[in-house]
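Data first, discussion second: the structure below is written as structure tokens.
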């Protein structure tokens with residue numbers, strides 16, 4: 001696998017999709033529909049999906065592509081595959097809260113090894129470089145020419161005063177109860193896969209998710225976190241969190257920096 005080429009393609013596709021998303025986001029109005037599961041989908045989701053899918057299929061014709069907006073891809077089964085959420089945080093997008101991301105990842109043998117997370121409204125771009133180390137690039141962003149990058153690394157947690165991040169749109173009493181078992185210095189809310197990136201940069205130490213997600217929601221952020229020295233484990237038993245599950249549905253999980261003393265489920 002040519003990792004430098006893969007990451008150039010991932011980065012460019014995410015930036016181009018993000019530009020299209022922002023055009024729709026900044027318009028006076030945009031169309032919102034309900035999918036079969038009643039979750040919302042906008043014209044930005046569909047436009048970004050079309051753009052990213054075309055680019056990835058042209059560049060990597062031999063790798064299966066799983067994407068949220070193409071239901072037929074959800075029946076695929078493969079050891080090595082690309083997985084995309086063209087607009088993670090659709091609710092944040094609709095409410096114009098800015099916490100939405102473009103997510104592209106490569107999974108091999110159950111592990112997301114390379115990924116890009118782009119938050120166009122926040123102007124933040126995170127990705128794994130060719131050797132798997134995670135970086136944050138400083139804008140303005142040019143799809144064809146990478147700008148200055150800074151290696152990112154998880155923090156060194158103080159278990160008496162942890163920095164915790166939780167979902168903005170899916171917070172519940174079970175999550176709050178679990179967080180209350182820790183010594184917390186600060187609790188912030190964020191949308192989409194940005195939560196993984198906040199742990200990856202040391203802006204947070206712990207991100208528990210006690211709710212349903214799909215692999216396309218988490219793979220890119222998981223790759224960025226792993227490349228920054230962090231971990232993602234299953235909530236119930238702290239065992240490895242793997243990808244390529246039937247239907248690509250996730251169980252509960254915990255994303256964290258090494259040094260956090262995890263509490264039992």
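Listed values, structure above:
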| quantity | calculated |
| --- | --- |
| Gaussian network model of the chain, springs between alpha carbon atoms under 10 Å - residue of 100, 81, 126 with greatest fluctuation | 81 |
| Cα centroid of region 53-129 to Cα centroid of region 188-233, whole Å | 14 Å |
| Relative contact order (%) - the chain, alpha-carbon pairs under 8 angstrom, separation at least six | 18 percent |
| Fraction of beta bridges assigned by DSSP in the chain that are antiparallel (%, nearest 5) | 80 percent |
| Label point distance in nm, residue 29-residue 150, each placed 7 Å from Cα along Cα→Cβ | 4.2 nm |
| Net lengthening on full extension, residue 78/residue 180 (0.36 nm per residue, minus Cα-Cα) | 32.8 nm |
| For region 3-151, average projected area of the Cα convex hull in nm² | 8.8 nm² |
| Over the chain: helical MRE at 222 nm, DSSP H runs n ≥ 4 each giving -39500 (n - 2.57), nearest 500 | -8500 deg cm²/dmol |
| Relative contact order (%) - region 48-134, alpha-carbon pairs under 8 angstrom, separation at least six | 18 percent |
| Förster radius 35 Å - calculated FRET efficiency between residue 172 and residue 70 (Cβ-Cβ, nearest 0.05) | 0.75 |
| Estimated translational D of region 1-76 in µm²/s (Stokes, Kirkwood radius over Cα pairs; 4 °C; 1.567 mPa s) | 94 µm²/s |
| Kirkwood Rh, Cα atoms: Rg over Rh of region 162-256 | 0.93 |
| Normalised contact order of region 101-253, rounded percent, pairs of Cα under 8 Å and 6 or more residues apart | 26 percent |
| Residues in region 224-265 reached by a label modelled at residue 91 [backbone nitrogen below 18 Å; 7 Å Cα→Cβ] | 250-253 |
| Principal axis dimensions, largest first and in whole angstrom, of the chain by Cα | 48, 39, 38 |
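Just so you know, all these numbers are worked out from the coordinates, no wet-lab data involved. Since this is a predicted model, take the numbers as computed values, not measurements. Note that each Cβ is placed from the backbone with ideal geometry, even for glycine, and that neighbours are counted across all protein chains shown.
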